[in-house]
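Enquirer: First the structure, then my questions, so here it is.
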Amino acid sequence: MGNMACLVLLILAASTLSLPPASLAVTSPYVRPPPRETLSLLQDDDADGQTPQQVHISMVGPDKMRVSWITDDDAPATVEYGTTYGQYPFSVTGTTTTYKYVLYRSGKIHDAVIGPLQPSTTYYYRCSSDPSREFSFRTPPATLPFKFVIVGDLGQTGWTESTLQHIAAADYDVLLLPGDLSYADFIQTRWDSYGRLVSPLASARPWMVTQGNHEIEKLPVLEPKPFKAYNARWRMPYDDADHHSHSPPPSGSNLFYSFDVAGGAVHVVMLGSYTDFAAGSAQYNWLRRDLAAVDRSQTAAFVVALVHAPWYNTNVAHKGEGDAMRGAMEEVLYEARVDAVFAGHVHAYERFQRVYDGKPDPCGPVYVTIGDGGNREGLAEKFVDPQPAISEFREASFGHGRMEVVNATHALWTWHRNDDDVPVVADQVWITSLAANPACNTNKNKM
Ligand SMILES: *[C@@H]1O[C@H](CO)[C@@H](O)[C@H](O)[C@H]1NC(C)=O
Ligand SMILES: [Fe+2]
């Protein structure tokens, strides 16, 4: 073969590699830069004992918001708010809690639920009547389109910081986090530094989170109760007080819950990978009740679920760790025609085609692993070879995802790699609603 022919063949081969047809499994060749240091935000130097710190908000029903914050010393659990900067005609006083963890004593952890609030509206607020810090958030829209940011395994490193900068620059309504928040790993002051790190974003948009293995923090004899810090600091809407009569039934546990956005057009189910999920467990029974109450034919155009340990994963890291939960719950999600399942845990990005029971299935969920927020453990770079056909795209880089539900049939999923300091779209796909696919119509009585 002549040199020229060789060259042509090489170019052909190279172009096929860089532009694969959509159906081909792709392992990205991106070479990532080195790890970054853990950040140090151990002190809030400008704070006195009553200064609100670590402020974050979460949705409660269709038109309320829970404001959570911490003060070093006693302070009123009061949120004052209104729609004009510096004017606070409304005021709600909530509750305060604390926890101890071995020798650590938490600050005063306050929360208050405010509302009813108007959709798509900016509210200004302050906490504990402290005039030195003013906050604002925008309420989510009551109709589609609706924009989610999804990011897991965030941690608090230089990479976390760049991920957060990219998220801050995005226009979004609600952030979803499938577990592993602070990587405090028993050192409770790290929960405080994490709270400070995320507060600029989490005080401005609802952060709806579920827990990962790093939230367990059980210690033999000393701390037998799991999720102590997580439950105290990241209370999500799960009980009767948080629900209206039309809402899905409350779960009764902070470790799993669900909520609606966009007037019920999107139903989000947050599951707990590290609490009982077997048939007959509280979580399993609640999940069945919850999904049975979702009206796919009228209201809920999309249903998505979040878990921590992925049910589908072709990374060598954490292989098989989600299998037991998948065995218990995959059919329940499938029968309800859940459109997508987002997981964390594996520190890499991976997107699967629609799958059920290990095989391609046009009525199964799209599975995405998005455990690449930026934590201190680094990336999971070893993938199983060859890439199984159900895995459509995988790459071990830090980044975040965005899901824009544009209308009742179409949602655009985009993965933004931290291409060092700028976010670069490295994967993108349209997810179409299974409720709008006649071939996937199910008879609800089967549930
Ligand atoms: C929904 O959005 C998709 C993608 O932009 C578009 O192709 C489709 O026509 C839209 N459907 C309706 C009913 O507007
Ligand atoms: Fe994890």
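Since every read-out is calculated from the coordinates, none of them should be taken as a lab result. Note that the structure is a prediction, hence the values are computed from the model and not measured. Note: ideal-geometry Cβ built from the backbone for every residue, glycine included; neighbour counts use all protein chains shown.
Enquirer: State the Cα centre-to-centre distance between the range 142-204 and the range 290-325 in whole Å.
Expert: One Cα centre to the other: 21 Å.
Enquirer: What does the C-alpha gyration tensor say about the overall shape of the range 313-378? Classify as rounded when a/c is under 1.5, otherwise prolate if a/b is larger than b/c, or oblate.
Expert: Values: a/c = 2.22, a/b = 1.83, b/c = 1.21.
Verdict is prolate for the range 313-378.
Enquirer: Shape of the range 143-446 from its Cα gyration tensor (a ≥ b ≥ c, root eigenvalues): rounded if a/c is under 1.5, otherwise prolate when a/b > b/c, or oblate? Provide the component values of the computation, followed by the final result.
Expert: On the way: a/c = 1.33, a/b = 1.16, b/c = 1.15.
Since a/c stays below 1.5, the shape of the range 143-446 is classed as rounded.
Enquirer: Please tell me which of these pairs span more than 28 angstrom C-alpha to C-alpha: LYS359/LYS382; LYS108/LYS225; LYS147/LYS382; LYS108/LYS218? Write out the running numbers ahead of the final one.
Expert: On the way: LYS359/LYS382 23 Å; LYS108/LYS225 20 Å; LYS147/LYS382 32 Å; LYS108/LYS218 22 Å.
From LYS359/LYS382; LYS108/LYS225; LYS147/LYS382; LYS108/LYS218, over 28 Å: LYS147/LYS382.
Enquirer: In what order do TRP191, TRP286 fall by count of nearby beta-carbon atoms within 10 Å, going from fewest to most?
Expert: On the way: TRP191 25, TRP286 22.
Listing TRP191, TRP286 from fewest to most nearby Cβ atoms yields TRP286, TRP191.
Enquirer: Here's something else I'd like to know. Going by how many other Cβ atoms sit within 10 Å of their own, how do PHE227, PHE393, PHE352 line up, fewest first? Show your work: numbers first, answer last.
Expert: Numbers: PHE227 19, PHE393 23, PHE352 26.
Ordered by Cβ neighbours within 10 Å, fewest first: PHE227, PHE393, PHE352.
Enquirer: I've got another one for you. Cut-off 10 angstrom, C-alpha nodes, Gaussian network model of the chain. Which of GLY280, GLY371, GLY195 fluctuates the most?
Expert: GLY280
Enquirer: Using the count of nearby Cβ atoms within 10 Å as a rough guide to exposure, how do TYR124, TYR274 rank from fewest to most?
Expert: Fewest-to-most ranking of TYR124, TYR274: TYR124, TYR274.
Enquirer: Please label the shape of the range 379-442 as rounded, prolate or oblate, based on the square roots a ≥ b ≥ c of the eigenvalues of the alpha-carbon gyration tensor (a/c under 1.5 means rounded; beyond that, a/b larger than b/c means prolate, else oblate).
Expert: On the way: a/c = 4.01, a/b = 1.49, b/c = 2.69.
Judged from the Cα gyration tensor, the range 379-442 comes out oblate (a/c at least 1.5, b/c at or above a/b).
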